[in-house]
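Just below is one structure, and these are the notes that go with it.
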Amino acid sequence: MTAVLVLYYSSYGHIEQLAYAEAEGAREAGADVTVKRVPELVPEEVAKKAGYKLDQPAPIAKVAELPNYDAIIFGTPTRFGNMTSQMKNFLDQAGSLWASGALVGKVATVFTSSNTQHGGQESTILTFHPVLLHLGMVIVGLPYAFQGQTTMAEIAGNSPYGASTIAGADGSRQPSQIELEGARYQGRHVAQLAAKLAG
């Protein structure tokens, strides 16, 4: 059975919701799926004041376990068009995996969120890709075969680079059905490709 890790960071729960949708899609494709998150770097007192969602059930991942999976689905909010410092800090510890080639040939994909419609979703995913390429991973996006990609009926995230959601300037907007469907499709797509590569 293909082993898939959904590895995410979420401050306010938007990425967390997409992470579980990605996991659901990967399970639909027959994968054995694990959902984990990277450690928080913000002091707890500061995080509480900022309203961070601190009650997330996903366990904290360790860098050393990444080679145990056939595919890794990464989720991060955008911070000025880049991944969060929490995710970057985690990946910066993967030097030994890079040196040993432990992730070469593994499937990888990225999903994200931003506060505004043009808030850096695409650049966050695209600037995430060089890290994955340095690690030797095979990058997968969200193809236009997902019909929700072309919707004009509503404001929606998602792009050919990966699933995404728009949180709104105050963070009150939650992932829409079409955004969650994009995440499920991406998870399914990754699991299917990982199974083909493993076979």
Rounded to the nearest 500, the 222 nm mean residue ellipticity computed for the chain from DSSP H runs (n ≥ 4, each -39500 (n - 2.57)) alone is -11000 deg cm²/dmol
Considering the range 3-198, what Rg and Dmax in Å follow from its alpha-carbon atoms? 15.5, 48
HN-Hα J in Hz across the range 20-28 - Karplus 6.51, -1.76, 1.60, θ = phi - 60°, x for Gly and Pro: 6, 5, 4, 4, 4, x, 5, 5, 4
Cleavage-rule hits (GluC sites (Glu not before Pro)) in the range 99-189: DSSP loop, at most 10 neighbouring Cβ within 10 angstrom: GLU154
Counting only other residues whose beta carbon sits under 12 Å from that of TYR69, what net charge do I get with K and R as +1, D and E as -1? -1
When the Cα atoms of the range 109-157 are enclosed in a convex hull and the volume is divided per residue, what value in Å³ results? 71 Å³
With Rh as the Kirkwood radius over Cα pairs, the range 7-77 has Rg/Rh of 1.00
Explain nothing, just compute: Karplus ³J(HN,Hα) = 6.51 cos²θ - 1.76 cosθ + 1.60, θ = phi - 60°, for every residue of the range 142-159 in order, whole Hz, x for Gly and Pro. 10, x, 5, 4, 6, 4, x, 4, 9, 4, 10, 7, 7, 6, 8, x, 6, 7
Chymotrypsin sites (Phe, Trp or Tyr not before Pro) within the range 83-177, DSSP loop, no more than 11 other Cβ atoms inside 10 Å: TYR144
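Bear in mind that the values in this text are calculations on the coordinates, not laboratory data. What you see is a predicted model; the values in this text were computed from it and never measured. With ideal geometry, Cβ positions are generated from the backbone for all residues, glycine too; neighbour counts draw on all protein chains shown.
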